[in-house]
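The values are calculated or read from the model by the stated rules, or taken from the named source; none is laboratory data. Just so we're clear, the structure is a prediction, and the values are computed from it rather than from any experiment. Cβ sites come from the backbone with ideal geometry, for glycine too, and all protein chains shown count toward neighbours. Accessible surface areas use protein heavy atoms only, side chains included; no ligands, DNA or RNA. Shrake-Rupley method; radii C 1.70, N 1.55, O 1.52, S 1.80 Å.
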Amino acid sequence: MTGQACVRIGLLGCGVVGGGVVEALAQNRERIHQYAGVVPVIHRIAVRDAGKTRHPEVKRRQLCTDWRAVVEDGEVDVVIEVMGGIEPARSAILAALCAGKPVITANKQLLALHGPELMECAHRHGATLHYEASVLAGIPAIHTLNTYFFANRVRRLRGIVNGTSNYILTRMTEGQSFAEALAEAQSLGYAEANPSQDVNGDDALYKLQVLIWTLTGQPLPPALIRKRGIDVLSAQEVWEAKRQGKRWKLVAEAEFDAAGNPVLATVEPIALAVDDPLYHVDGVANALSIEGDLVGSVTLMGPGAGALPTASAIVEDLLQGLRARPSRCPRAEMAERGKTAGWDNRLNLMPV
């Protein structure tokens, strides 16, 4: 890297998604350099098991088992968190933000439950928090909400935001039982060994909370969201819907009043007719329809799971900040006028 400016990355977690980040940065390193003027370098990686086999690009000398060794390293410029869960992810992100380091995270549960605390810490210490990958993997939903819907008043968000449940329902519509579809999803890596948060609707609920927060700047407590998972559906109900030309989908939805406040939020399985744009979203694909009062309904659709789609969102967050370095984003400026709490979705990072 002699003679080239670089940005040194501290990676927290190197499982499926973390390995995808390593692969994405290695695969497109030259393109990133051409676009941003700096070379991304994985400097240190915190993992639970340093002896586990990793992506070929991961070097043994980069690994450690203590997140503090990554976050507190003075040579780390940016922290990427893909550990998941609440702790130690919350403590690690807070420590990085307190040190003024930009953080990129894919942790929807942490954002849904502790986002205001993280955001306040970021603003207090002049750092930034980035989270595109936390909601719809490779689909640029957060970027779209942060950059487009300002003249429009958003009336409704409606989407399929959990790939595991969508895959199970797709296979059940094709004749498999719930148990068979779940086992297949697990064998293909689409579902965790413990898939409870996917099938009971918690994962979709967290993502809906993050979307509402991004749009309004205000967190919506989970107690105000009506939730039912796909684990309540019977094979008979799936068969009956198919007979009627319908398909069951786990739909996350929020409606907003004229002032932009959420007045309804639900996560529940719905039997959709063929003329519904979400009817055709199959397998692990995700989709989000955004209804504005001027533009009407805009639907984003794409891969909602997988190592590289999720890594793509993380790297795009990194590039947005490396390419353009505004000090504030539009929604953060609105926050100062009391309109919304906002999120700063840009890095303020200089190459080293």
Next on the checklist: I'd like the Karplus ³J(HN,Hα) series for segment 230-240: coefficients 6.51, -1.76, 1.60, θ = phi - 60°, whole numbers in Hz, and an x wherever there's a Gly or Pro.
Outcome noted: 6, 5, 8, 7, 9, 4, 5, 5, 5, 5, 5
Checklist entry - Once phi is turned into ³J(HN,Hα) by the Karplus curve 6.51 cos²θ - 1.76 cosθ + 1.60 with θ = phi - 60°, what whole-Hz value does each residue of segment 118-128 show in order, with x for glycine and proline? => result 5, 5, 4, 5, 4, 5, 5, 10, x, 9, 9
Checklist entry - What is the helix-to-structure angle for 202-216, meaning the angle in degrees between its Cα long axis and the longest Cα principal axis of the chain, kept from 0 to 90 and rounded to the nearest 10? => result 70
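Please list, by residue number, every one of the trypsin sites (Lys or Arg not before Pro) in segment 1-67 that is coil in DSSP and has at most 12 other beta-carbon atoms within 10 Å.
Details: sites: Arg8, Arg29, Arg31, Arg44, Arg48, Lys52, Arg54, Lys59, Arg60, Arg61; in loops: Arg48, Lys52, Arg54, Lys59.
Sites meeting the loop and neighbour criteria: Arg48, Lys52, Lys59.
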Checklist entry - Which value, in debye to the nearest 20, describes the size of the charge dipole of segment 98-191 about its Cα centre when Lys and Arg Cβ atoms bear +1, Asp and Glu Cβ atoms bear -1, and nothing else is charged? => result 460
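Cα-based Rg of segment 109-190 per 2.2 N^0.38 Å, rounded to two decimals?
Values: Rg = 17.8 Å, N = 82, 2.2 N^0.38 = 11.7 Å.
Scaled against compact globular proteins, the figure is 1.51.
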Checklist outcome for this item: Rounded to the nearest 0.05, FRET efficiency between Ala259 and Glu57 (Cβ-Cβ, R0 35 Å) equals 0.10
Checklist entry - What is the log10 of I(q)/I(0) for segment 240-289, computed with the Debye formula using one identical point scatterer on each Cα and no solvent, at q = 0.13, 0.17, 0.31 Å⁻¹? => result -0.38, -0.60, -1.19
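Could you work out what % of the accessible surface of the chain is carbon and sulfur, using a 1.4 angstrom probe and leaving DNA, RNA and ligands out of the count? All intermediate terms of the calculation are to be shown ahead of the outcome.
Numbers: 7570 of 15070 Å².
For the chain, the apolar C and S fraction of the accessible surface comes to 50 percent.
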Checklist entry - Once the chain is represented by equal point scatterers at the alpha-carbon sites, with solvent omitted, what log10 I(q)/I(0) does the Debye formula produce at q = 0.07 Å⁻¹? => result -0.30
Checklist outcome for this item: Measuring from the longest principal axis of the C-alpha atoms of the chain, the long axis of helix 178-187 (C-alpha) lies at a number of degrees, nearest 10, equal to 20
Checklist entry - If you add up the charges near Val70, with Lys and Arg at +1 and Asp and Glu at -1, over every other residue whose beta carbon is less than 14 angstrom from its beta carbon, what do you get? => result 0
Item to check | FRET efficiency for Tyr279 and Ala69, using Cβ-Cβ distance with R0 set to 51 Å, rounded to 0.05 | outcome: 0.55
Checklist entry - On a 0 to 90 degree scale, rounded to 10, what angle separates helix 16-27 from the longest Cα axis of the chain? => result 60
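I need the peptides 223-235, 189-201 ranked by packing, meaning the mean over residues of other C-beta atoms within 10 angstrom, with the highest value on top.
Values: 223-235: 15.7, 189-201: 17.3.
Per-residue Cβ counts within 10 Å, averaged per peptide and sorted highest first, yield 189-201, 223-235.
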Next on the checklist: If the elastic network links every pair of Cα atoms under 10 Å, which of Val210, Val263, Val315 fluctuates the most in the Gaussian network model of the chain?
Outcome noted: Val263
Item to check | segment 99-153, accessible area per residue, ligands and nucleic acids excluded (1.4 Å, Å²) | outcome: 31
Item to check | Modelled label reach - Glu180, point 7 Å along Cα→Cβ, segment 212-238 residues with backbone N closer than 17 Å | outcome: 234-238
Item to check | segment 126-259 - charge dipole about Cα centre, Lys and Arg +1 at Cβ, Asp and Glu -1, debye rounded to 20 | outcome: 560
Checklist outcome for this item: To the nearest 0.05, the calculated FRET efficiency linking Leu224 and Ala193 through their beta-carbon distance, R0 being 41 Å, is 0.85
